[in-house]
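Undergrad: Below is one structure. I have some questions about it.
The values are calculated or read from the model by the stated rules, or taken from the named source; none is laboratory data. Everything quoted here is computed from the prediction, not taken from an experiment. Reconstructed Cβ throughout: ideal geometry from the backbone, glycine too, with neighbour counts over all protein chains shown.
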């Protein structure tokens, strides 16, 4: 829950809930709207073609290319160019799609509480994203251009299947831009009473359209991973919906929405941290501290369910193709998950560190100080288990001696239960950090406070024991074929604990006494670096996962249907990929700095009175 | 500005750490390059070669070992696939049309769901659907001749008679995995004979350079009796002259491909100097 500013009233929660419901309904409507006008006509069109027997003439099989079919430009590595453009586009897109989601929620909270600070914060968030929006569009254009330039056959094949959705994508993009500009530039105009409701609805529309845009783009991407609606030779059946609604579409949709929110939160967190560090006045520091806190809260709330969305995606990849699943988890990419573990661990550690530092804002936090070190020990311990590869001595030479990369110790599948246990523990202790943080400044006044505490302690203890039991049992006493699925009871335990304990806490601290007002701005500068770390690690991680998502197609443009015959069809090794991702991250950071700077410049004024003629009186 | 620089340095440092870890903290495995199309010479094929081809396809292009390996538990072991085939065809769960072992194996590869080995079906399908892909299609795309080569290999593996016949129509250009194994990673050249001997574990079999292996001849005075040409040949082609009292075929026949010419000559010089 976001920390309420002191002067809030009881309506907050209701409004927040209402906001969420409205939002979900809007999304649903949006998705429905998508399938109606655009695609139906597409499908109808295809059906007509099929009737006249013209479809075979219309849809060609996927072309069989040779290296000569790929245009080259001296000195340009076409794959890296496309890779970077796609990744940069994605980073910006994730950011600009996420910001309106929480801006909408924050605006709604502001409307409910009538606390202007929420409105101001929401406005500041959207202001940051507006320049980023142009970058998204420019980079999207660049990506398309590079695809047409370097991969003309692939682009042609894809657009022959997705011509309708590409067309509606363009239309939606205009709608998105118009809504965004109206939403942003109309912010101060659409204030008060009815107008505020209009503004909020614009926010809803913005989110619906934005999400739709992403879903469409996801359809193209997932079609390349798990093609549907085409025969083995790649001849399109004409059923656009089948191609869009391919096997991995929804798993990726879910994963990306959640990841985007976490990512967007981390980027605005970095913005707030930077403003905090450069703020001179104490009320500015207080404002940006509060903003940073909320951004971090958003990032973490979305980060907690992310591993579960990841498991779901992985399980679906297995279900789609065991071969692809094993390539993902058991082959050369196995080590990638070790790097991923390091990065996610970094995210968790920095988020926790930030929370612990933040306890300094409260005078009541001393009561909890003594627990922090145990939290730290457990989280670091879980982190170590998570990223320790099962064997540390396996070198490349040894690998070859063992007859290929698919060795038993290497596939993290075999040791997945241990890692799952660690992840779940880490998530639970992060939840604990958060509960402590929330309690830091409060004293429960309900009569059953001690009973409530006891229940929570029992809940956590039982849950942790259960998670350990499941981990040990599945890890060492079973031989399940689908070890990924074995993690489900653990995940359910974790979720149950989070939901139940948050609910208990919410009731227990209803009407709780405040120890003292929170001192926003009373945090160390050092804590702000945790926010930067969060943003950088997130960016890098997204880049890395982009590489594997695309990499598991191996030497196929479209899995098993359209072969990549370019000289760059090889799957790059991890070091190579990490370097490309690092370069991308640096480019992205440079652009983001520019975005932040522009947002700042727009509010600056240089007094140059002597420069202008005084108008004749 | 100071803050800006501090944050910038911090962020670059973080990126550097991530990149450094990915490059140096974990082993760098080069993914196998994409398979290359190659002609299959069926005309001049002997059964031994055909079985060997099957084995190569099995481990390479067919990607069979991705699933069929002893450690993953993801798919049944195939050592006895050819012997259990007749039982499978009798099984009440058998849905296919095969009547011979060869047909059964063929069917297992192109229509895996015809019989699903108990416990290995797709999750939730109650062993009615196989997770194994049709290996003649899609990403694996084995040809008819290639499938038959694998059957020959599987029959040979099970120790039964190989009853599949080599297809004669040396038909269209068949694909064969040329580079199943990842290409050997370029290894830094070793610059002392001791390093070479350690690297190639000569000491496991020979008494040489302080080590006391006893499987092969004592090499501590080998230079006294053998000249360089002989030594070179015994490394490149160990079975050309077999040392008295020892068995042929023991000494690995790999040094010619795994050592550089410079390394080989250095080793020969070193051995010739052992008097």
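Undergrad: Within the stretch A:93-101, does at least one residue satisfy the condition of being under 30 Å from residue A:230 (Cβ atoms), surrounded by fewer than 18 Cβ atoms within 10 Å (Cβ to Cβ) and touching a residue at least 40 places away in the same chain (Cβ under 8 Å)? Walk me through how you get there before you give the answer.
TA: Of the residues in the stretch A:93-101, the ones under 30 Å from residue A:230 (Cβ atoms) are A:93-94, A:97.
Within this subset, residues satisfying the condition of being surrounded by fewer than 18 Cβ atoms within 10 Å (Cβ to Cβ) are none.
Scanning the stretch A:93-101, I find no residue that is under 30 Å from residue A:230 (Cβ atoms), surrounded by fewer than 18 Cβ atoms within 10 Å (Cβ to Cβ) and touching a residue at least 40 places away in the same chain (Cβ under 8 Å), so the answer is no.
Undergrad: Identify the single condition in (1) at pLDDT 85 or above; (2) under 30 Å from residue A:589 (Cβ atoms) that residue B:27 does not satisfy, given that it satisfies every other one.
TA: With (1) at pLDDT 85 or above; (2) under 30 Å from residue A:589 (Cβ atoms) applied to residue B:27, the lone miss is (1).
Undergrad: Tell me yes or no: at least one residue of the stretch A:487-495 is more than 30 Å from residue A:447 (Cβ to Cβ), crowded, with 22+ Cβ neighbours inside 10 Å and either within 14 Å of chain B (Cβ to nearest Cβ) or modelled with pLDDT of 90 or more (or both).
TA: yes
Undergrad: When you go through B:110, B:101 one by one, which is the residue that is under 13 Å from residue B:157 (Cβ atoms) and modelled with pLDDT of 85 or more? Show your work before the answer.
TA: Details: B:110 fails: under 13 Å from residue B:157 (Cβ atoms).
The unique qualifying residue is B:101.
Undergrad: Quick one: count up the residues across the stretch A:508-562 that are part of a loop (DSSP other than H, G, I, E, B) and under 26 Å from the mean Cα position of the chain (by Cα).
TA: Kept after step one, since they are part of a loop (DSSP other than H, G, I, E, B), are these residues of the stretch A:508-562: A:509-512, A:515-524, A:552-555, A:559-561.
Remaining after also requiring under 26 Å from the mean Cα position of the chain (by Cα): A:552-554, A:559.
Count: 4.
Undergrad: Out of the stretch A:229-240, which residues are within 18 Å of residue A:320 (Cα to Cα) and surrounded by fewer than 18 Cβ atoms within 10 Å (Cβ to Cβ)? Write out each step before concluding.
TA: Pass one, the stretch A:229-240, residues within 18 Å of residue A:320 (Cα to Cα): A:229-232, A:234.
Passing the criteria: A:231, A:232.
Undergrad: Taking residue A:543 as meeting all but one of (1) touching a helix residue (DSSP H, G or I) at 6+ places or on another chain (Cβ under 7 Å); (2) over 30 Å from residue B:140 (Cα atoms), write down the number of the exception.
TA: Just one mismatch for residue A:543, condition (2).
Undergrad: Okay, moving on. Which one of these is free of Cβ contacts under 8 Å to residues at least 60 places away in the same chain and farther than 22 Å from residue A:328 by Cβ: B:75, B:81, B:85? Please lay out each step first, then the result.
TA: Values: B:75 fails: farther than 22 Å from residue A:328 by Cβ; B:81 fails: free of Cβ contacts under 8 Å to residues at least 60 places away in the same chain.
The match here is B:85.
Undergrad: Right, here's the next one. Going by the conditions given, is residue B:32 within 11 Å of chain A (Cβ to nearest Cβ), within 30 Å of residue B:165 (Cβ to Cβ) and touching a residue at least 40 places away in the same chain (Cβ under 8 Å)? Working first, answer last.
TA: Details: within 11 Å of chain A (Cβ to nearest Cβ): yes; within 30 Å of residue B:165 (Cβ to Cβ): no; touching a residue at least 40 places away in the same chain (Cβ under 8 Å): yes.
So residue B:32 fails the test.
Undergrad: Filter the stretch B:139-157 down to residues that are surrounded by fewer than 16 Cβ atoms within 10 Å (Cβ to Cβ) and closer than 20 Å to residue A:318 by Cα, then give me how many there are.
TA: So the count comes out to 0.
For (1) farther than 30 Å from residue B:83 by Cβ; (2) crowded, with 18+ Cβ neighbours inside 10 Å; (3) more than 14 Å from chain A (Cβ to nearest Cβ); (4) at pLDDT below 80, each residue gets a yes or a no:
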{"residue": "B:160", "(1), (2), (3), (4)": "no, no, yes, no"}
{"residue": "B:163", "(1), (2), (3), (4)": "no, no, yes, no"}
{"residue": "B:170", "(1), (2), (3), (4)": "yes, no, yes, yes"}
{"residue": "B:176", "(1), (2), (3), (4)": "no, yes, yes, yes"}
{"residue": "B:188", "(1), (2), (3), (4)": "yes, no, no, yes"}
{"residue": "B:193", "(1), (2), (3), (4)": "yes, yes, yes, no"}
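Undergrad: Would you check which residues across the stretch A:185-196 are surrounded by 11 or more Cβ atoms within 10 Å (Cβ to Cβ) and either assigned to a loop (DSSP other than H, G, I, E, B) or in contact (Cβ under 8 Å) with a residue 60 or more places away in the chain (or both) and list them?
TA: Passing the criteria: A:186, A:187, A:190, A:191, A:196.
Undergrad: Here's something else I'd like to know. Could you please tell me which pairs satisfy a Cβ distance under 6 Å, a separation of 6+ or placement on different chains, a first residue in the stretch B:126-151 that is facing another protein chain (nearest Cβ under 10 Å) and free of Cβ contacts under 8 Å to residues at least 40 places away in the same chain, and a second residue that is exposed (fewer than 15 other Cβ atoms within 10 Å of the Cβ) and part of a loop (DSSP other than H, G, I, E, B)?
TA: Hits for this filter: B:137/A:232.
Undergrad: How many residues, within the stretch B:28-41, are in contact with a helix residue (DSSP H, G or I) (Cβ under 7 Å, 6 or more places away or on another chain) and crowded, with 18+ Cβ neighbours inside 10 Å?
TA: Quick first cut of the stretch B:28-41, residues in contact with a helix residue (DSSP H, G or I) (Cβ under 7 Å, 6 or more places away or on another chain) only: B:28-29, B:40.
Pick out the ones that are also crowded, with 18+ Cβ neighbours inside 10 Å and you get B:29, B:40.
Final tally of qualifying residues: 2.
Undergrad: Still on this model: Given (1) at pLDDT below 85; (2) more than 14 Å from chain B (Cβ to nearest Cβ), identify the lone condition not met by residue A:298.
TA: Of (1) at pLDDT below 85; (2) more than 14 Å from chain B (Cβ to nearest Cβ), only one is false for residue A:298: (1).
Undergrad: Still on this structure, please answer the following. Given the condition modelled with pLDDT under 85 and facing chain B (nearest Cβ under 10 Å), answer yes or no: does some residue in the stretch A:519-530 qualify?
TA: The answer is no; no qualifying residue exists.
Undergrad: Next question, about the same structure. Could you tell me which of the residues B:43, B:54, B:62 is more than 9 Å from chain A (Cβ to nearest Cβ), under 16 Å from the mean Cα position of the chain (by Cα) and in a loop (DSSP other than H, G, I, E, B)? Don't jump to the end; show me each part of the working.
TA: Details: B:43 fails: under 16 Å from the mean Cα position of the chain (by Cα); B:54 fails: in a loop (DSSP other than H, G, I, E, B).
Step by step, each of B:43, B:54, B:62 is checked, and only B:62 is more than 9 Å from chain A (Cβ to nearest Cβ), under 16 Å from the mean Cα position of the chain (by Cα) and in a loop (DSSP other than H, G, I, E, B).
Undergrad: Of A:254, A:298, which residue is crowded, with 21+ Cβ neighbours inside 10 Å and out of contact with any strand residue (DSSP E or B) (no Cβ under 6 Å at 6 or more places or on another chain)? Reasoning before the result, please.
TA: Numbers: A:254 fails: crowded, with 21+ Cβ neighbours inside 10 Å.
Exactly one residue qualifies, and that residue is A:298.
Undergrad: To continue, here is another question. Looking at residue B:19, is it crowded, with 16+ Cβ neighbours inside 10 Å, at negative phi and in contact (Cβ under 8 Å) with a residue 12 or more places away in the chain?
TA: Values: crowded, with 16+ Cβ neighbours inside 10 Å: yes; at negative phi: yes; in contact (Cβ under 8 Å) with a residue 12 or more places away in the chain: no.
Judged against the criteria, residue B:19 is not a match.
Undergrad: Of the numbered conditions (1) at the interface with chain A (Cβ under 8 Å from one of its Cβ atoms); (2) assigned to a loop (DSSP other than H, G, I, E, B); (3) more than 16 Å from the chain's Cα centre (by Cα), residue B:23 fails exactly one; give the number of that condition.
TA: Residue B:23 satisfies every listed condition except (2).
Undergrad: Let me ask something additional. If you go through the stretch A:564-588 one residue at a time, how many are facing chain B (nearest Cβ under 8 Å) and surrounded by fewer than 21 Cβ atoms within 10 Å (Cβ to Cβ)?
TA: Number of matching residues: 8.
Undergrad: Looking at A:338, A:317, A:300, A:344, which one is part of a helix (DSSP H, G or I), under 22 Å from residue B:133 (Cα atoms) and in contact (Cβ under 8 Å) with a residue 60 or more places away in the chain?
TA: Working: A:338 fails: under 22 Å from residue B:133 (Cα atoms); A:300 fails: under 22 Å from residue B:133 (Cα atoms); A:344 fails: under 22 Å from residue B:133 (Cα atoms).
Within the list A:338, A:317, A:300, A:344, the selection yields A:317.
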